[in-house]
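Undergrad: Questions regarding the structure given below will be posed in turn.
What follows draws every value from the coordinates through simple rules; no lab data is involved. Fair warning: this is a prediction, and the values are worked out from it, not measured in the lab.
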């Protein structure tokens, strides 16, 4: 996946298409992994309806 840039305290959001059948809020698990040096953040994604899953992160400090 390509890199994206976001300002400190701004929100990075990734929208992904996925299954619409069953109960997506229970049947599908989505977790991201963001690294900055030794620091690792693993935010949980969520189902937003219409087969769209979202992952959001708000960086608390500048870096790559």
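Undergrad: Which three lengths, in whole Å and largest first, does segment 19-64 cover when its Cα atoms are put on their principal axes?
TA: 39, 15, 12
Undergrad: Over the chain, what is the mean sequence separation of C-alpha contacts under 8 Å (at least six apart), divided by residue count, expressed as relative contact order in percent? Provide the component values of the computation, followed by the final result.
TA: Values: 90 pairs, mean separation 27.6, N = 64.
Computed value for the chain: 43 percent relative contact order.
Undergrad: Please give the calculated 222 nm ellipticity per residue for the chain, where each DSSP H segment of at least 4 residues contributes -39500 (n - 2.57) and the sum is spread over every residue; nearest 500 deg cm²/dmol?
TA: Values: 1 runs with 4 residues, N = 64.
After summing the helix terms and dividing by residue count, I get -1000 deg cm²/dmol.
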